[in-house]
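Asks: This is the structure I want to talk about, given as structure tokens.
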Amino acid sequence: MSNLEYHQYSKTIMDNIADSSITFNESGICNYYYEYFEKEKNT
């Protein structure tokens, strides 16, 4: 396990333990949130 501080996105159950590639912005919103909505706009 890494020494990173634990984070969990408040709107989902996504966290940085189950997915080491997840990132969070300063508001605590994960990258998958933005990726989802970006893909939805383009479909």
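Here, each number is a calculation from the coordinates, and none is a lab measurement. These figures come from a predicted structure and were not determined experimentally. Ideal geometry is used to build each Cβ from the backbone, glycine not excepted, and the neighbour counts take in all protein chains shown.
Asks: What does the extension gain come out to for Glu40 and Ala18, with contour length at 0.36 nm per residue minus their alpha carbon separation?
Replies: On the way: separation 22, 0.36 × 22 = 7.92 nm, distance 2.44 nm.
Contour length minus Cα-Cα distance gives 5.5 nm.
Asks: Angle, helix 31-41 long axis vs. longest principal axis of the chain, Cα atoms, 0 to 90°, nearest 10?
Replies: Approximately 10 degrees, to the nearest ten.
Asks: Would you indicate which of (i) 1.52; (ii) 1.25; (iii) 1.20 is the value of Cα Rg over 2.2 N^0.38 Å derived from the coordinates of this structure?
Replies: Checking each listed value against the structure points to (ii).
Asks: From a point 7 Å beyond the Cα of Lys11 in the direction of its Cβ, which residues of segment 21-43 have a backbone N at a distance under 16 Å?
Replies: Under 16 Å, as judged by backbone N against the label point of Lys11, lie 23-42 of segment 21-43.
Asks: Further, regarding this structure: What does the charge add up to near Cys30, with Lys and Arg as +1, Asp and Glu as -1, over the other residues with Cβ less than 11 Å from its Cβ? Walk me through the intermediate numbers first.
Replies: Details: positive: Lys11; negative: Asp15, Asp19, Glu35.
Taking every other residue near Cys30 into account, the sum is -2.
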